[in-house]
Amino acid sequence: MKDKKVKKLIKGEEKRQRDGLELIPSENYVSRDVLEANGSIFTNKYSEGYPGKRYYGGQDYTDKVERLAIERACKLFNCKFANVQPLSGAPANVATYFALLEPGDTVLGMDLSHGGHLTHGHPVTYIAKLFNFVRYKMKDTRTGEIDYKGLREIALKTKPKIILAGFSAYSRELNYKKFVDIAHEVGAITMADMAHIAGLIAGKAVRNPFDDGFDIITTTTHKTLRGPRGGMILVRNNEEIAKKIDKSVFPGFQGGPHMNNIAAKAVAFGEALTPAFKKYARQILKNAKAMEKVFHKHKIRMIGGGTDNHLILADVYGSLGVSGKEAQTVLDEVGITLNMNMIADDTRKPMDPSGIRFGTPAITTRGFKEKECALVAELMIETLRNKDNKKKKEEIRKKIKTLAKKFPIPNYF
């Protein structure tokens, strides 16, 4: 690369990733093949429209690579229709809303503070001005059980067009069948935002909402799916819904797709179809359980009482007297990257909440097993308990570097 300034920044980020441990649940490492496809010559090509129905010429190979991505996505998730053009998860959600709703229609989704996502109708988003979002919560934050009785009561009262299952900071498995039963009772469409656990679903490590009758799955293609940063919308078998979504994505919501990104998605989906990926998905869960055991041992409160998936949400303010923001900063200093996060009904502010959110997808990609993940959990707690001890933090930083060196980022550094 001739641009020395940008090259220096890239090298700096390489070093940061190489020398530290990535515990943000929504981040991962892609393979060299995914990187090469994402940086391929497909980036030069404009391809508005869909395979066989483009608005530009020269589409022989773009059509083939998009069809390949669609074919692999449908095989991965056991569905009939896939739109691989969304640029990320939020645009995938918004395009789905616009495809199926009229202004003022109601969507029933998970409350943000109980694990939902901004695009599930938080008041700060623009879509909350267009549609009526109502929210359900957990019944018990100690177990993570959803208040399905309350969910049904809200649905009967508000008659939502869409009932939305999915989360960004929820650590238990949802009962998709109960969502479907309630949706059938009120005549709603079922939509599952599986951005965080798409890789676990693809790897058969957790349940697939389609198996319980869900209509739609939206997802990102990075995170546990270990692909490029992008989005996708899947439809189980309803061709009418699939056609509405296609029109909503293009031309309704976005223009030309990023064909280099779609090529990288095709590569990632191919990787996810392998036996090795299934083994990887199962190991993510084992590693998260290993970290859960350490937090239980040290009596650190976990929202939901623990984890059934790839992430843990811990109340560090209530357990250790350290705010989420301070915990994020202190752990960053020793080479452990995670994010501050609000906990259920948090009394603290979003930019300085009570909790931290962390997970195992990225370190599992590096080859970590239960033993190493338990060690990382111990080092996290030791760091937070010694947040003002410079010498102790330096010792922990050295341990983290040694561990990171033993398990290098795969394939391309």
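Assorted remarks:
Listed here are the residues, each with its yes/no results for (1) more than 13 Å from residue 28 (Cβ to Cβ); (2) free of Cβ contacts under 8 Å to residues at least 12 places away in the same chain; (3) part of a helix (DSSP H, G or I); (4) not assigned by TED's automatic domain parsing to the domain that holds residue 39.
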{"position": "218", "(1), (2), (3), (4)": "yes, no, no, no"}
{"position": "224", "(1), (2), (3), (4)": "no, no, yes, no"}
{"position": "228", "(1), (2), (3), (4)": "no, no, no, no"}
{"position": "240", "(1), (2), (3), (4)": "yes, yes, yes, no"}
{"position": "246", "(1), (2), (3), (4)": "yes, no, yes, no"}
{"position": "249", "(1), (2), (3), (4)": "yes, no, yes, no"}
{"position": "256", "(1), (2), (3), (4)": "yes, no, no, no"}
{"position": "266", "(1), (2), (3), (4)": "yes, no, yes, no"}
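- Within the option set 322, 334, being within 20 Å of residue 17 (Cβ to Cβ) and of a type outside the set (Asp, Glu) holds for one residue only, 334.
- Hey, residue 351 surrounded by fewer than 19 Cβ atoms within 10 Å (Cβ to Cβ) and closer than 26 Å to residue 16 by Cβ or not: yes
- Test result for residue 326, crowded, with 20+ Cβ neighbours inside 10 Å, touching a strand residue (DSSP E or B) at 6+ places or on another chain (Cβ under 9 Å), of a type in the set (D, E, K, R) and assigned to a helix (DSSP H, G or I): no
- Residue within segment 82-99 that is touching a Cys at 6+ places or on another chain (Cβ under 9 Å) and under 19 Å from residue 240 (Cα atoms) present: yes
- The residue list 31, 40 contains one member that is under 25 Å from residue 311 (Cα atoms) and surrounded by fewer than 23 Cβ atoms within 10 Å (Cβ to Cβ), which is 31.
- Within segment 11-58, the set of residues being β-branched (Val, Ile, Thr) and either more than 20 Å from residue 89 (Cα to Cα) or in contact with a Leu (Cβ under 9 Å, 6 or more places away or on another chain) (or both) comprises 24, 41, 43.
- Restricting segment 184-212 to residues that are within 24 Å of residue 308 (Cβ to Cβ) and in contact with a strand residue (DSSP E or B) (Cβ under 6 Å, 6 or more places away or on another chain), the residue that is surrounded by the fewest Cβ atoms within 10 Å (Cβ to Cβ) is 190.
- Selected residue (only one of 204, 177 is part of a helix (DSSP H, G or I) and either touching an Asp or Glu at 6+ places or on another chain (Cβ under 8 Å) or not polar (S, T, N, Q) (or both)): 177
- Test: residue 91 is on the phi < 0 side of the Ramachandran plot and assigned to a loop (DSSP other than H, G, I, E, B): no
- Residues located in segment 89-124, provided they are under 19 Å from the mean Cα position of the chain (by Cα), polar (S, T, N, Q) and within 26 Å of residue 344 (Cα to Cα): 93, 113, 119
- Residue selection: residue 143 satisfies the criterion of being surrounded by fewer than 21 Cβ atoms within 10 Å (Cβ to Cβ), modelled with pLDDT under 95 and within 21 Å of residue 177 (Cα to Cα).
- Here residue 261 clears all of (1) surrounded by fewer than 21 Cβ atoms within 10 Å (Cβ to Cβ); (2) touching a residue at least 24 places away in the same chain (Cβ under 8 Å); (3) not hydrophobic (A, V, I, L, M, F, W, C) except the condition numbered (1).
- From the list 170, 176, 148, the one residue that fits, being under 24 Å from residue 230 (Cα atoms), assigned by TED's automatic domain parsing to the domain that holds residue 92 and not hydrophobic (A, V, I, L, M, F, W, C), is 170.
- Residue 215 buried (at least 21 other Cβ atoms within 10 Å of the Cβ) and at pLDDT 95 or above: yes
- Candidates 316, 334, filtered to the one that is at pLDDT 95 or above, farther than 28 Å from residue 225 by Cα, among the aliphatic types (A, V, I, L, M) and buried (at least 19 other Cβ atoms within 10 Å of the Cβ): 316
The values are calculated or read from the model by the stated rules, or taken from the named source; none is laboratory data. What you see is a predicted model; the values in this text were computed from it and never measured. Positions of Cβ are generated from backbone atoms using ideal geometry, with glycine treated the same way; all protein chains shown enter the neighbour counts.
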